[in-house]
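Rule-based calculations on the coordinates, nothing more; no lab input. Bear in mind the structure is a predicted one, so any value in this text is a computation, not a measurement. Virtual Cβ from ideal backbone geometry, glycine too; neighbours counted across all protein chains shown.
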Amino acid sequence: MRAAGFRRPGTSSTIAPRISPHAPSGARNHYNSAGGTVMPHVETALGPVDVNDLGMCLMHEHIVVANWSMRQNYTNYYDAEQQIPKAIAALKRAADRGVRSIVDLTPVNLGRDIHTIRRVAEATGVHVIAPTGFYWTEEPQMHGWDAKSLANYMVRDIRDGILDTGIKAGVIKCATDNPGVDAFNKKLLQAAAIAHRETGVPISTHTTVSNTSARDQQIAFAEFGVDLTRVVIGHCGDSTDLDYLQTILDQGSFIGMDRFGLEAYLPTDKRVQTVAQLCAKGFAGQMVISHDSCSFQDFFDQKYIEQFAPNWCYEHVPRDVLPALKAAGVSDRDINTMMVENPKKVFSKIGGY
């Protein structure tokens, strides 16, 4: 059952028309010495990388989530020199199982730490795509800013680099949670849309299964002229409602089946079943798989995570989830599509519009 206003791509629709993913514009296109076009590149913590070299990619992860206000005011809140080696070890374990790239989706106001991202990338050799963008929480100072002002910060991260590192953001993060797409959240989504349309850098989102925020984000993005095929709607894997998920997929967006290991939200077997059912319906080409994990986060006590989410780590997907998907009837081809080809597609759609 589809929500009002949504139709399959190619039919009359209230959703804005798609923009060609091959529209000319060369900000992230690279050219060889003979003048011929080569494959698009994506910006990472260690510089631009050919999308063909991304390999197995976890599309929704975090290295560190630690509030900057708390870090700056309480010296014992977060110990970088203690935590960074743990992050390196965790990512190396995933790399040993075939992971070559991750997308860090930590927003600016959730503790994005570009220096830590770079150190972890350097130590592991894993391609880490760094983010720009803002979380859904209502930061007091943001109420006085309009969407364009917020977008300008993101564009700066994308074009000029983050702080003094020279590392350019390769993805735009935005988020909608329990309040839904209210006036403040719509401003954040509009800011992400402006930055995306100006730069061509893809959008990846946070949603909650407690409401229809995934669908509502698409409606808002369409209103702002965003090509929905260039958006990853995150945390869709928390839902087992195939009709609802197909409503989102029918608009062309990728969906994130990206919280494997968070058993309290939905057990792994149900997540696997949902992915397998959607693959059987032909949607492997629009799903990406990940954990939404982090080596350190200040949302929960670490002891709680160790007790109730022991598999919430970067290696869980290659170690446990992919074999479970195969056992559920998902083909090797579909697994490769979700883990390798779809991330490549997300970052191959270049240029502003």
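What the table shows:
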quantity	calculated
Radius ratio Rg over Rh of the chain, counting only Cα atoms, Kirkwood formula for Rh	0.94
For region 200-332, the fraction of alpha-carbon pairs in successive 10 Å shells from zero, as %	12, 42, 33, 12, 0
Region 247-304 - Rg (one decimal) and Dmax (whole number), Cα, Å	13.7, 40
At 1.567 mPa s and 4 °C, Stokes D of region 166-264 from Kirkwood alpha-carbon radius, µm² per second	95 µm²/s
Too-long pairs where the Cα-Cα distance tops 26 Å, listed order kept, from Lys168/Lys349; Lys86/Lys187; Lys168/Lys281; Lys86/Lys186	Lys86/Lys187; Lys168/Lys281; Lys86/Lys186
The chain: calculated mean residue ellipticity at 222 nm from DSSP helix runs of at least 4, using -39500 (n - 2.57)	-10000 deg cm²/dmol
Under-5 Å amide H pairs with Gly133, H placed in peptide plane, nonlocal only	Val108, Lys173
Net charge contributed by nearby residues that have their C-beta within less than 15 Å of Gln307 (K/R +1, D/E -1)	-2
Normalised convex hull volume, region 33-151, alpha-carbon set, Å³ per residue	137 Å³
Residues Phe224, Phe134, sorted so that the one with the fewest Cβ neighbours within 10 Å comes first	Phe224, Phe134
Vicinal HN-Hα couplings computed from phi for region 50-67 (Karplus, 6.51 cos²θ - 1.76 cosθ + 1.60; Hz; Gly/Pro x)	4, 4, 5, 9, 5, x, 5, 10, 8, 8, 8, 9, 9, 8, 9, 10, 8, 4
